[in-house]
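Novice: Below is a structure I'd like to ask you about.
The values are calculated or read from the model by the stated rules, or taken from the named source; none is laboratory data. The structure displayed is predicted, hence computed values, not measured ones. Note: ideal-geometry Cβ built from the backbone for every residue, glycine included; neighbour counts use all protein chains shown.
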Amino acid sequence: MGKPTGFIEFTRDIPTKRNINERVKDYLEVEETLSTTKAVEQSSRCMDCGVPFCHSGCPLGNIIPEFNDAVYQKNWELAYEILVSTNNFPEFTGRICPAPCESSCVLAINKPAIAIEAIERFIIEKAFEKGYVKANPPQTRTGKKVAIVGSGPAGLAAASQLNKAGHAVTLFERADAIGGLLRYGIPDFKLEKKIIDRRLKTMKAEGIIFKTNANVGVNIRVKDLMEEFDSILLCGGSTVPRDLDIKGRELKGVHFAMEFLSQQNKRTAKKVIKYDHAGNTYQQGEILATNKKVVVIGGGDTGSDCVGTSNRQKAKSVTQIELMPMPPKERAENTPWPNYPMMLRTSSSHEEGCERTWSILTKEFVGNEKGELTGVKLVDIEWKTENGKMGFEEDPKTERIVPCDLVLLAMGFLHPERAEMLEELGILLDERGNIQAENYQTHNPNVFAAGDMRRGQSLVVWAISEGREAARQIDLHLMGQTELEAKAVSRLDTQQKVVYG
């Protein structure tokens, strides 16, 4: 590596965040991009570790030591070429990825990990600044046509790869704008939508066709897609949220988190709020946290996004509750290096103000005679493990009603919607309700599936990986061979050929 002593000379330094008092007044991104000086310093910390476990930690198989070395050498174009050889959208993962690669960093055994995610963001922003990111349409076309249903990260990645292979790609999105979860799920303070639009401009110039307000099976006939296209790729995501079937669920003021978040994303984009991300009319009007006591049920990223959005809407108070016990502040013993660690994480939204509690069971939603939410009945629980299975017992002495005006259910997603589209395509589902697809190919040989629709609720980085791999299988199916890059696997894996693109 360029500086063998870098990991000794410098410690971990992550991007600065905008001042809390200022950032809660708007929806601009909280984190800033590393300066050139900081990026070079951080990349110099990458050791000549022999076996780069970060490769196996990254779902995309990013070639991390090599692009770190290029940054240290200030060879921005080489760093960009290495990065995009495995990742179509580093501007997304450089902002919203939990960075499992950093958990697998060899340096992280006894020191703070290299700031890989921040370096990734630096590289792609430098590439846009220098003009390295250009439309690169294929030299020849194959004459094959592929339809992609769903424009989230999996669909976008697949579209990019299939278009590169020379196929004519049309991407169908039921919402009014391209992006899926990136557009109407992730708040702008984590990912400003101009970042998506910048990428879409390049993809359109490369020949990819985007169709919005195109709900396949509703206003787009499945039969027409099957007749017009040689292959269909389903990337509709896992969009059915986990509900809480308890007394008072019907009260006005209890909402799914994604309804709340997608509405705010439309406000930020200065759009008229008439429909949600699924194209359905909102049943209870606008959902706002302004001057309300908010309770967020669910301790994950979506719950954190609800916290940050509620603070920006000037909620009176925000409380986030979680059924599971509080994670340890340091890496848990059952997730040793190089595994992704179970540990307490504090997001920028939590820093802005929020009461967080764990081991809490929600018993009932309480309302008034007008059908409006006035409180939520909670009870503390104690987790126990018996015969290898976790269970809990309630502590009846702790049962209480917490006053609140708005409850946001952020407990994850179950599976794709059971749309007629799937039945018409002859798609089979697995025991979890996800699409059955071996090597991304469904029971219908001309129909493929990728992303959360296939693997279940997961990360954006996994969705991009799924889209890339599905594209490779579709290209192989259509042409009998493929030159699309395979995933760059860990050097530890001696059973697979390492392909660096």
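Novice: Would you be able to tell me the number of residues in the stretch 156-196 that are over 14 Å from THR212 (Cα atoms) and not β-branched (Val, Ile, Thr)?
Specialist: 23
Novice: May I pose another question? Please specify each residue of the stretch 57-73 satisfying the condition of being touching a residue at least 24 places away in the same chain (Cβ under 8 Å) and either of a type in the set (Asp, Glu) or within 19 Å of ASN110 (Cα to Cα) (or both).
Specialist: Passing the criteria: GLY57, PRO65, ASP69.
Novice: Ok, one more. For the structure I just gave you, tell me whether GLU29 is under 28 Å from ALA157 (Cα atoms), in a loop (DSSP other than H, G, I, E, B), of a type outside the set (A, V, I, L, M) and not assigned by TED's automatic domain parsing to the domain that holds TYR340.
Specialist: Against the criterion (under 28 Å from ALA157 (Cα atoms), in a loop (DSSP other than H, G, I, E, B), of a type outside the set (A, V, I, L, M) and not assigned by TED's automatic domain parsing to the domain that holds TYR340), GLU29 qualifies.
Novice: Out of ASN368, ASN334, report the one residue that is loosely packed, with under 12 Cβ neighbours inside 10 Å, farther than 14 Å from GLY299 by Cβ, in the same structural domain as GLN313 (by TED's automatic domain parsing) and more than 31 Å from the chain's Cα centre (by Cα).
Specialist: Being loosely packed, with under 12 Cβ neighbours inside 10 Å, farther than 14 Å from GLY299 by Cβ, in the same structural domain as GLN313 (by TED's automatic domain parsing) and more than 31 Å from the chain's Cα centre (by Cα) holds for just one of ASN368, ASN334, which is ASN368.
Novice: Among the listed residues LYS194, LYS204, LYS164, identify the single one that is surrounded by 18 or more Cβ atoms within 10 Å (Cβ to Cβ) and either of a type in the set (A, V, I, L, M, F, W, C) or farther than 30 Å from LEU323 by Cα (or both).
Specialist: LYS164
Novice: For the condition over 19 Å from THR5 (Cα atoms), in the same structural domain as PRO15 (by TED's automatic domain parsing), out of contact with any strand residue (DSSP E or B) (no Cβ under 7 Å at 6 or more places or on another chain) and assigned to a loop (DSSP other than H, G, I, E, B), what is the one hit in THR86, THR93?
Specialist: From the options THR86, THR93, the qualifying one is THR86.
Novice: State which residue is nearest to LEU484 (Cα to Cα) when the search covers only the stretch 122-138 and only residues that are touching a residue at least 24 places away in the same chain (Cβ under 8 Å) and assigned to a loop (DSSP other than H, G, I, E, B).
Specialist: Going through the qualifying residues, I end up with PRO138.
Novice: In this structure, is LEU78 outside any loop (DSSP other than H, G, I, E, B) and out of contact with any Gly (no Cβ under 8 Å at 6 or more places or on another chain)?
Specialist: So LEU78 fits the description; yes.
Novice: Residues that are modelled with pLDDT under 95 and out of contact with any Pro (no Cβ under 6 Å at 6 or more places or on another chain), at least 1 per element: which strands (runs of 3 or more DSSP E) completely within the stretch 292-388 meet that?
Specialist: Answer list for the stretch 292-388: 373-386.
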